[in-house]
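Have a look at the structure below, then the notes.
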Amino acid sequence: MTVRSLLGLAALNLFAVGVGAGLLWGLRGWRSWWELARLAGLAYMLGVAGLGVVLSLLLVAGVPFSLATIVLTGLALAAAGIVVGFRLRRARPSLGSAPRRIGLVGAGLAALVIVYLEALFRAARLSGLYAFDAWSFWVPKAKAIYFFGGLDEQFFSELPNATYPPLVPTLEATAFHFMGSADVVTLHVQFWFFLAGFVAAVAGLLATRVPAVLLWSFALLALVSPRVVGRTLEPQADFTLDYLFALAALLVALWLIERQPWQLASATLFLGATMLTKREGQLLAACVIAAGLAASWREWRSAWPRLVLASACAIALALPWRAWYVSHDLTGEFPASGATGFLDNLDRAWPSLQSVLSSAFDAGLWTVVLPLVIAAIALAFIAGARVLPLFATLVYALALAGFTWGIWSFTELEVPIEQDEAINPVVRLTAGLIVLSAALAPLLLDAAWRGTDRPRRPEAG
Amino acid sequence: MARDRRAAAGVAPKTDVSSFLDWPHGIARLGVALCTAAALATGLVYFAKAVDRLGDTACTNAAQNFDDREFAGGNALVVANRPLYEARALIPENETYRVVTGPGVEGATELTASFIDHYARYFLMPRRPSPDALWIICYGCDPAGLGDGFEVLLEDEAGILVGRLAG
């Protein structure tokens, strides 16, 4: 909780922007510096995902974790992006023309989001570590990486939920190195950066695609949901998972209608990071890929091999961690009854579904986000769009079905789950769908307004 | 194209209001307008609540002292935070410790005995917990049962001891 810690975090997150900018130049390139400014949020989130994934893999490989490791890894990632960019003959960026005006309503709503983020920053600045899971195992894992320079066998086997993937503890340990100490108070500010980066990434991706009023209305609605307000700063993996999942799903949605290779390549990195963040990340990634496959069935010859390749690459990023915990005899990743054990407990089906639906549609937690998304999907279908609303329908439906399967299968959970939201596991799961809505609802409503989900301009970027 | 440009700029296209009842595109546009209005109205109401709540949280956080912020979740578990601070000061970072619980802690809650070792593990890192450690945090335990040579270095009024067995 010192100025040094804050400056350290600022340096870390600027570093992540730089790493992500290198990656983005390799994956996509940019025509002007204004365009980079618009996509700075996406660059930041790519940097976070890239650093998180590669540092996690290095930890699994036994590479000592230090400030030098972090800096060299980031520089290597950025350099790789730049080399790829040169090999692909990306155009050198020019200053370019100034961005278009967003209109009074859009600017007003964007200003409200900035005011909200400022209020959230003040709350993060001096927040104590109250969240049970955070001090019970997320932050201790990060401290173990920070203090012992690796996946310390004692702590990583004795701490609760030993099989949970290491991406968030790795990023937290990275933050400790940049802060110069295991400052668990200022650590909350890092999670503010993740949220701000996510908002900036969605805004940068959608700014040229949807009207500003749609973009910022739904961003604001999702951000001010009571659960987001109360929990997004907690130094644990739940909301970080949601940001990565939502960006992966948004980029796959954009790829389905625009077919820009960089969109699928970026989505692949986010899918890999999603799977390395929490165990339900595997389920969410599978939902995105399955929905993408179904929504592209008309062009399956060209689309499916690419989607399969993307999912194979994402799985390849997540596999080493699985190999590590299996080799250390750690268990608990899957239901004790196995993947089909739920069939022995058919009486749990309805209460499990009931628990998931009541959590997802709880207005006290999420206001009216999901009902509006359902309306947006229906309107897009009515207006004649097909790919986007089909993709969105399947992502939401498969995720809700997957959550139901999870609650149904983990028989140690009493159903229906009616715990307080602070400890309710279903509420954590459904948060991903709310965060995703901030990205998909504007696209769906824009498609409904225009009567098509074809891109406005192929070069929209 | 012109309509798209206007829409992309966030400017409402000039649309005949009666066309909002045309099926399917008019109805779809009417729905978009209603959804956006609902999102906007709800967002604005909850924005005011959120900023208010976050302001309260920031004030509460700022009013706390360093120890309260650092201890945070531990305040619900530990009876007093001084013994753990003392333990952190006394036990060298490269040594091990163990927490031994018992019924003799004044003011303990039902969470204390169950979670004090979890919290100590988090709070005392990089010191490692070990079942045969010489350093002991006795949380209401019977010191006589700890073995010979247990030197008490801190005794809290609630019945919490921090000490070390002779090596």
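Values quoted throughout were computed directly from the atomic coordinates according to the rules given, and no laboratory measurement underlies them. Quantities reported herein were computed from a predicted structural model and do not represent experimental measurements. Positions of Cβ are backbone-derived with ideal geometry, glycine not excepted, and every protein chain shown enters the neighbour counts.
Descriptive notes on the structure:
- For B:59, A:287, the sequence from fewest to most other C-beta atoms within 10 Å is B:59, A:287.
- Considering only A:83, A:203, A:443, and ranking their Cα positions along the charge dipole of chain A that arises from unit charges at the beta-carbon of Lys, Arg, Asp and Glu, the one farthest toward the positive end is A:83.
- Simple Cβ-charge dipole of chain A, Lys/Arg +1 and Asp/Glu -1, about Cα centre, in debye nearest 20: 2360
- Annotation for residue B:148 and residue B:88: the two label points, set 7 Å from Cα along the Cα-Cβ direction, are 3.6 nm apart.
- Integer Hz, Karplus 6.51/-1.76/1.60 couplings in order for the stretch B:124-131, x for Gly and Pro: 8, 3, x, 5, 9, x, 8, x
- Sorted by Cβ density within 10 Å, fewest first, the residues A:328, A:188, B:25: A:328, B:25, A:188
- Summing Cβ point charges (Lys, Arg +1; Asp, Glu -1) relative to the Cα centre of the stretch B:11-65 gives a dipole of roughly 40 debye.
- Farthest toward the positive end of the dipole of chain A, out of A:20, A:352, A:395, is the Cα of A:20, where the dipole comes from beta carbon charges about the Cα centre.
- Panel order for A:350, A:262, by other beta carbons found within 10 Å of each beta carbon, from fewest to most: A:350, A:262.
- With contributions of -39500 (n - 2.57) from each DSSP H run of at least four residues, the per-residue ellipticity at 222 nm computed over chain B stands at -14500 deg cm²/dmol.
- Considering only A:425, A:377, A:260, and ranking their Cα positions along the charge dipole of chain A that arises from unit charges at the beta-carbon of Lys, Arg, Asp and Glu, the one farthest toward the positive end is A:260.
- Within-15-Å neighbourhood charge of residue A:134 [Cβ basis; K, R +1; D, E -1]: +1
- Put a plus charge on the Cβ of each Lys and Arg, a minus charge on the Cβ of each Asp and Glu, and nothing anywhere else: the dipole of the stretch A:1-128 about its Cα centre is then about 420 debye.
- Cα gyration tensor category, rounded, prolate or oblate, for the protein assembly as shown with a/c compared to 1.5: prolate
- Taking amide H positions as modeled 1.01 Å from N, with prolines and chain starts lacking one, the residues under 5 Å from residue B:98 and 5 or more places away or on another chain are B:130, B:135, B:136, B:137.
- Legend: calculated FRET efficiency, residue B:75 to residue A:89, from the Cβ-Cβ distance at R0 = 60 Å, rounded to 0.05, equals 0.50.
- Summarising the amide proton neighbourhood of residue A:150: residues at separation of 5 or more, or on other chains, whose placed amide H is nearer than 5 Å comprise A:65.
- Rounded if a/c under 1.5, otherwise prolate or oblate - the stretch A:259-370, Cα gyration tensor axes: oblate
- Where only DSSP H runs of four or more residues are counted, chain A gives -23000 deg cm²/dmol as its mean residue ellipticity at 222 nm, each run worth -39500 (n - 2.57).
- Computed from Cα positions, the angle between helix B:25-63 and the longest principal axis of chain B comes to roughly 30 degrees.
- Taking the protein assembly as shown, the Cys residues with no second Cys beta-carbon under 4.7 angstrom are A:287, A:313, B:35, B:59.
- Global form of the stretch A:202-295, assessed from the alpha-carbon gyration tensor, a/c cut-off 1.5: oblate
- In the stretch B:107-167, the GluC sites (Glu not before Pro) that fall in loop regions by DSSP, at most 13 other Cβ within 10 Å: B:110, B:157
- For the stretch A:410-442 and the stretch A:219-274, distance of Cα centres in Å: 16
- Looking at the stretch A:382-446, the GluC sites (Glu not before Pro) that sit in a DSSP loop and have at most 15 other Cβ atoms within 10 Å of their own Cβ are A:412, A:414, A:418.
- Across the stretch A:350-362, computed HN-Hα scalar couplings (Karplus, 6.51 cos²θ - 1.76 cosθ + 1.60, θ = phi - 60°) run 5, x, 5, 4, 4, 5, 5, 5, 5, 6, 5, 9, 6 Hz from first to last residue, x flagging Gly and Pro.
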